[in-house]
Structure formats: structure tokens, C-alpha cells
Amino acid sequence: MARRQLTVGMPVAPGITVLGVVDDGGEDAVYLVWNHRAWCPMACKVYARSGDARREGAVLGALEHPNIVRGLGAGSSGYLLMEYLDGPTLKQLIQSRKEGRLSLPNAMRVGIYLGSALIHMHSRGYLHLDVKPSNVVIYRGRPVLFDLGTARPCSQPQLKSSIGTDFYMSPEQCERGQVSPASDVFAFGVTLYQTLTGKLPFPKTRSRTSFPQTRVEPRPLRAYLPRAPQELDLLMQACMARSAEARPELSQLLPALHQFISTGPKMWPASLDLAATAQPIPRRKEIR
């Protein structure tokens with residue numbers, strides 16, 4: 001089914017009018033709309049296939065977290081309303097910096113916010129499977145994960161096709177294997193690596209049948225960021241391990257990332273010792 005082409009002033013449905021385009025580069029376009037019944041702007045995703053609106057709407061309806069975009073209802077004609085978050089994506093924020101990356105403390109803060117969103121998704125029984133900087137919007141300093149079009153229940157781990165974005169997909173996604181929360185940890189690792197360095201950890205290829213992450217190790221973090229702590233480099237390597245079993249759980253990872261916030265505010269009170277309850281993360285050399 002072809003996607004509807006909408007312009008400013010056109011109705012998406014009765015009572016919903018297009019104000020502008022947020023993103024029309026993909027199969028499903030996102031518009032800024034005015035909801036005449038709610039008297040406020042919203043984001044509206046218009047789908048090429050109406051069933052996709054119901055599926056993504058059902059996922060968003062099962063989630064409730066400050067770092068995940070809120071769903072506000074799906075329409076029968078194939079659209080999904082969401083809260084409108086006016087801010088740059090994490091990708092745009094990285095590119096806007098003079099150094100082409102975020103500072104280490106701020107990158108850790110982004111990682112902890114993003115990781116907490118993924119922990120919530122996994123606890124509600126869903127995998128995101130397309131975590132990347134362009135799917136995180138920074139709204140008033142708060143990173144918010146959006147675009148859950150590839151999300152699937154944890155109870156359906158076997159893939160029939162390679163889903164996700166090439167440079168961020170876990171090896172098991174590339175090979176149409178079984179996915180798990182560890183698949184999101186891999187993409188989380190690539191995203192955090194890019195936030196820290198402005199670079200991707202694997203060489204780029206043009207062929208969607210040749211995924212370097214299935215056959216080569218990620219470039220060490222300290223190759224681009226020589227002053228990064230070795231312990232952080234090891235954590236990044238562990239997140240992007242080819243074996244899903246070798247990747248750390250997010251509940252272990254977030255307290256470990258917090259120790260690298262050396263300047264500015266901490267993410268939780270000093271009296272709250274989360275690290276004491278987390279299991280130790282294996283050193284990279286221990287991972288097989």
C-alpha cells in the first residue's frame with residue numbers, strides 16, 4: 001500500500017490537521033499536527049500499512065516511562081498519535097558539537113536514561129530492536145526513545161528477516177536468529193560508542209548481506225578517545241560482543257556507567273548504592 005502524501009493544512013482524519021513535516025524520509029512519515037479536540041499539537045505517524053499503526057500503538061500502550069515517547073491513540077485509517085517533543089535527535093546533537101561528540105559525563109547520562117527506557121521495555125515484555133541516535137530525541141535535556149515500529153514481544157524471539165538499521169543491528173538480527181534483551185544491549189553499545197566518539201565501531205559496507213559486526217571485533221573506544229578509562233573501553237567491548245550471552249545486562253551496566261560521571265550532577269543520590277546490588281560485569285578478556 002502506498003503512503004499517503006500529506007501537506008500543511010491537509011487533514012489526517014477529522015479533527016487532525018497537518019501543521020508541518022517532522023520526518024518523511026522513510027516508509028512511514030511523521031507529521032506535526034493540531035488535534036482540534038485536545039487543543040494541542042501532537043506528533044502523528046502515518047503508515048503505509050494500517051496494521052502497523054495498531055501494532056505500534058499496542059506497544060506504546062503497554063509502556064509508561066519518562067524516557068519513552070507516549071502514545072496517544074491509533075486511528076483506524078492507519079495513523080498513530082504521540083506526544084510532540086520539540087528538540088533535536090541525539091544524532092543531531094552529536095553532530096552539532098564542535099568536537100563531533102558529547103563529553104564523557106554527558107554521554108554517560110544519555111546512556112543511563114536510554115538504558116532505563118530499555119529496562120522498562122524489557123520488563124513489559126518488548127524488545128525495541130532499532131536503538132540508534134536518530135531514534136532518541138532530546139527534549140529539554142531529557143533523552144526520549146521513540147520509533148517503536150520494529151518492536152516485538154520477547155515471547156516471539158525468532159526472526160524471519162533482518163530487521164533494524166544495518167550499523168546498529170546485533171549479529172543475531174543480521175543472521176535472522178533469535179533476539180533477546182541482549183540484542184538491544186548491542187545497539188545500545190553502538191549508540192553510546194557513537195555518542196562518545198562521533199564514530200561507528202564497525203567499518204561501513206554498502207551491502208545489506210555483509211554485516212561486519214558478525215565477523216570482526218569493534219574498534220576499541222580508546223582508538224578515538226585515548227583518554228577514556230580502560231574500564232569503560234572494556235564495557236563498550238562487552239556490550240558489542242558477538243555472543244549475546246557475553247553481553248552485560250542493563251541492570252548491571254547502568255551503575256557501572258555511573259562511576260564515569262566525574263563532573264556535574266549525578267544521576268541518583270549518593271546514599272542510593274545501586275552498584276552494591278549489581279552483579280559484576282566480566283572483563284573483556286574473560287568473555288568467549
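The values are calculated or read from the model by the stated rules, or taken from the named source; none is laboratory data. Being a predicted model, the structure only gives us computed values, none of them experimental. Note that each Cβ is placed from the backbone with ideal geometry, even for glycine, and that neighbours are counted across all protein chains shown. Surface accessibility is based on the protein's heavy atoms, side chains included, excluding ligands, DNA and RNA. Shrake-Rupley method; radii C 1.70, N 1.55, O 1.52, S 1.80 Å.
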Within segment 46-63, residues under 16 Å from the mean Cα position of the chain (by Cα) and either in a helix (DSSP H, G or I) or among the acidic types (Asp, Glu) (or both) come out as GLU56, VAL59, LEU60
Residue in segment 27-41 that is free of Cβ contacts under 8 Å to residues at least 24 places away in the same chain and surrounded by 14 or more Cβ atoms within 10 Å (Cβ to Cβ) present: yes
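For segment 64-78, what are the residues that are assigned to a strand (DSSP E or B) and either open to solvent by 40 Å² or more (accessible area, probe 1.4 Å) or under 24 Å from ALA117 (Cα atoms) (or both)? Full working, then the answer.
Let us first name the residues in segment 64-78 that are assigned to a strand (DSSP E or B), namely 68, 71-75.
Correct list: ILE68, GLY71, LEU72, GLY73, ALA74.
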Over 29 Å from VAL190 (Cβ atoms) and open to solvent by 30 Å² or more (accessible area, probe 1.4 Å): is that true of ARG54 in this structure? yes
Residues located in segment 187-245, provided they are open to solvent by 20 Å² or more (accessible area, probe 1.4 Å), in contact (Cβ under 8 Å) with a residue 60 or more places away in the chain and assigned to a helix (DSSP H, G or I): GLN194, ALA244, GLU245
Odd one out for THR7 among (1) assigned to a helix (DSSP H, G or I); (2) among the β-branched types (Val, Ile, Thr); (3) touching a strand residue (DSSP E or B) at 6+ places or on another chain (Cβ under 7 Å): (1)
Which numbered condition in (1) surrounded by 21 or more Cβ atoms within 10 Å (Cβ to Cβ); (2) out of contact with any strand residue (DSSP E or B) (no Cβ under 6 Å at 6 or more places or on another chain); (3) outside any helix (DSSP H, G or I) is the only one that LYS160 fails? (1)
Does VAL179 satisfy being among the hydrophobic types (A, V, I, L, M, F, W, C), open to solvent by less than 40 Å² (accessible area, probe 1.4 Å) and within 10 Å of the chain's Cα centre (by Cα)? no
Show the residue pairs that are 6+ apart or on different chains and have beta-carbon atoms under 7 Å apart, the first residue being within segment 99-115 and touching a residue at least 40 places away in the same chain (Cβ under 8 Å) and assigned to a loop (DSSP other than H, G, I, E, B), the second being of a type outside the set (A, V, I, L, M) and open to solvent by less than 10 Å² (accessible area, probe 1.4 Å). ARG101/THR195; LEU102/THR195
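I'd like the full set of residues that are among the hydroxyl-bearing types (Ser, Thr, Tyr) and under 18 Å from MET108 (Cβ atoms), limited to segment 179-201.
Pass one, segment 179-201, residues among the hydroxyl-bearing types (Ser, Thr, Tyr): 180, 183, 191, 193, 195, 197.
THR191, TYR193, THR195, THR197 - these are the residues of segment 179-201 that are among the hydroxyl-bearing types (Ser, Thr, Tyr) and under 18 Å from MET108 (Cβ atoms).
Identify, please: which residue in segment 246-261 is outside any loop (DSSP other than H, G, I, E, B) and more than 18 Å from the chain's Cα centre (by Cα) and is, among those, nearest to GLU217 (Cα to Cα)?
Looking only at segment 246-261, we keep the residues that are outside any loop (DSSP other than H, G, I, E, B), and these are 246, 250-258.
Of the ones still in play, those that are also more than 18 Å from the chain's Cα centre (by Cα) are 246, 252, 255-256, 258.
On the way: ALA246: 13, GLN252: 22, PRO255: 25, ALA256: 22, HIS258: 25 Å.
Only one residue fits best here, namely ALA246.
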Per the filter on segment 165-176, residues crowded, with 16+ Cβ neighbours inside 10 Å, without any contact (Cβ under 8 Å) to a residue 40 or more places away in the chain and part of a loop (DSSP other than H, G, I, E, B) are THR165
Selection within segment 99-132 - touching a Gly at 6+ places or on another chain (Cβ under 7 Å) and either open to solvent by less than 20 Å² (accessible area, probe 1.4 Å) or farther than 16 Å from GLY189 by Cβ (or both): GLY100, PRO105, LEU129, ASP130
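Here's the yes/no breakdown for (1) out of contact with any Leu (no Cβ under 8 Å at 6 or more places or on another chain); (2) farther than 18 Å from ASP184 by Cα:
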position	(1), (2)
VAL216	yes, yes
GLN230	yes, yes
ALA238	yes, no
ALA241	yes, no
LEU254	no, no
GLY264	yes, yes
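Residue check: is LEU114 under 11 Å from the mean Cα position of the chain (by Cα), within 23 Å of LYS45 (Cα to Cα) and aliphatic (A, V, I, L, M)? First the steps, then the outcome.
Values: under 11 Å from the mean Cα position of the chain (by Cα): yes; within 23 Å of LYS45 (Cα to Cα): yes; aliphatic (A, V, I, L, M): yes.
Yes: the conditions hold for LEU114.
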